[in-house]
Amino acid sequence: MPADQVTTQNIHDWLSAREADMLALLEKLVNIDSGSYDKAGVDAVGDVIRSFLEAEGIDTTTIPVTDHGDAIRAMVPAGSGQSNRPIMFLGHRDTVFPKGEVAKRPFRIENGQAYGPGVADMKAGLVMNAFVLAAFRKFGGAPAPLVGLFTGDEEIGSPTSRPIIENEARQARIVFNSEPGRPAGNVVTGRKGGVFFVVEIHGVAAHAGGSYEKGRSAIEELARKISAWHALTDLEQGITVNVGLISGGQSVNTVAPLATCEIDCRYINPKDRAGIVARIMAVARECSVPDTTAEIRIRSEFSPLAETKASNAVFEHYAAVSKELGFEVKGEFSGGCADSGFTAGVGAATLCATGPVGGNAHSPEEYLEVASIVPRAQALALAVLRADMLEL
């Protein structure tokens, strides 16, 4: 048997025997609270991943981040004589859940499904990436250097990780982002972009009974603006504007001097970003309640994952190796955003949702299909092994 076939079989067989080990590592990760603003928790997840990788002989580097989880970069050199541009495995360690969630519902497996905070989105993908890196380290490397990047703030738009991700992706030939595979088993070939705004409106306080006429309600101004912002939604164009959080007021008997909100804007076509952002900003600036003012800022944003000739080639390649392994995947478009938009935005051929299959992300019903973790790892490994066949 040729040497490359021996390596392929060795990696396939080694991953086949690792399901229990993968689940053991996954349990450790899930049972650590790691909300995006919990730096200690996100870094604790990173410590577990780093310890696993280093025990497998994989070099890691910690990239310090002040306000959120540090980024961890793992590197597996290419096999002997290989020197192609790197292939990048991407994943985030943070979740949307508050501290204390693990105590309420720790990791468990029932009827072939695993449960727990972040079990699918995306701690299973982190486990898969770590084991595939370990497999290549054990059996002599891949046709290209492999870089694993484990970040800490994706669920809030990667405000600190974005430049780290983009810098790594500029050097990469292919990026596999191991967000959870869709419930049907599919991967994601396109995603919307998203811009997330914070708005603060200032009014004039007054007694609601004794001097109502002296007040200028920030809440009233916000209410008018919400209607205007929502009217910007254009479903045919794939643009949505949603005010998802509001707060304001001082007391029930005071004309409100302050009101705040947060806006979620999504779009498909990169060319639409500038226009919709300008219109949202214009609504913020144009106050109709006299003597009120508004301040608006972009808190964070995701670039869209736009399909390209290169990304389609990566998808077809991944779909072919998956079919060879006995399962079929199709490409899906997602209205959700992910770090894959950043990698695609700097020109790296990117495929998203290559992680183990799961569903109900961001909810207490989030689940992982346990039987998918090994096959998805094997598919990723085989796609890497044959990556030199791709013309990108």
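Points to keep in mind about this one:
- Filtering Leu368, Leu351 for residues that are closer than 21 Å to Thr8 by Cβ, modelled with pLDDT of 95 or more, touching a strand residue (DSSP E or B) at 6+ places or on another chain (Cβ under 6 Å) and in a strand (DSSP E or B) leaves a single hit, Leu351.
- Given (1) among the acidic types (Asp, Glu); (2) assigned to a loop (DSSP other than H, G, I, E, B); (3) farther than 29 Å from Gly341 by Cα, index of the condition Glu236 fails: (3)
- Pairs, first over 11 Å from Lys99 (Cα atoms) in the range 36-50, second in a helix (DSSP H, G or I) and not charged (D, E, K, R), C-beta under 7 Å, six or more apart: Val45/Leu29; Val48/Leu29; Ile49/Leu126; Ile49/Ala130
- Residue satisfying condition, being under 30 Å from Ala344 (Cβ atoms) and modelled with pLDDT under 95, within set Arg50, Arg85, Arg73, Arg93: Arg85
- The residue that is nearest to the chain's Cα centre (by Cα), counting only those in the range 73-95 that are more than 21 Å from Lys28 (Cα to Cα) and not in a loop (DSSP other than H, G, I, E, B), is Met88.
- Within the range 266-299, the set of residues being in contact with a Pro (Cβ under 7 Å, 6 or more places away or on another chain) and either surrounded by fewer than 15 Cβ atoms within 10 Å (Cβ to Cβ) or outside the structural domain of Leu235 (by TED's automatic domain parsing) (or both) comprises just one member, Pro270.
- Ile263 assigned to a strand (DSSP E or B), surrounded by 14 or more Cβ atoms within 10 Å (Cβ to Cβ) and touching a Phe, Trp or Tyr at 6+ places or on another chain (Cβ under 8 Å): yes
- Across the range 56-89, the qualifying residues are those that are within 18 Å of Asn129 (Cα to Cα) and either among the β-branched types (Val, Ile, Thr) or not assigned by TED's automatic domain parsing to the domain that holds Ala134 (or both), and the one among them that is surrounded by the most Cβ atoms within 10 Å (Cβ to Cβ) is Val76.
- The residues in the range 283-293 that are in a helix (DSSP H, G or I) and without any contact (Cβ under 8 Å) to a residue 60 or more places away in the chain can be counted, and the count is 2.
- Members of the range 195-237 that are farther than 30 Å from Phe176 by Cβ, of a type in the set (A, V, I, L, M) and within 32 Å of the chain's Cα centre (by Cα): Val198, Val199, Ile201, Leu222, Ala223, Ile226, Ala228, Ala231, Leu232, Leu235
- Matching option when the condition is touching a residue at least 40 places away in the same chain (Cβ under 8 Å), among the β-branched types (Val, Ile, Thr) and over 19 Å from Met75 (Cα atoms), among Val147, Val188: Val188
- Boolean, Gly336 is of a type outside the set (Val, Ile, Thr) and either part of a loop (DSSP other than H, G, I, E, B) or without any contact (Cβ under 8 Å) to a residue 40 or more places away in the chain (or both): yes
- The residue of the range 246-260 that is farthest from Ala228 (Cα to Cα), among those that are within 31 Å of the chain's Cα centre (by Cα) and exposed (fewer than 15 other Cβ atoms within 10 Å of the Cβ), is Ser247.
- Just one residue in the set Ile246, Ile280, Ile296 is in contact (Cβ under 8 Å) with a residue 60 or more places away in the chain, under 27 Å from Val198 (Cβ atoms) and part of a strand (DSSP E or B); that residue is Ile296.
- When Arg137 is tested against the conditions (1) closer than 22 Å to Gln5 by Cα; (2) in contact with a Ser or Thr (Cβ under 9 Å, 6 or more places away or on another chain), the lone failure is (2).
- Matching residues, the range 206-216, being buried (at least 20 other Cβ atoms within 10 Å of the Cβ) and either acidic (Asp, Glu) or touching a helix residue (DSSP H, G or I) at 6+ places or on another chain (Cβ under 9 Å) (or both): none
The values are calculated or read from the model by the stated rules, or taken from the named source; none is laboratory data. What you see is a predicted model, and the numbers here were worked out from it, not measured in a lab. Positions of Cβ are backbone-derived with ideal geometry, glycine not excepted, and every protein chain shown enters the neighbour counts.
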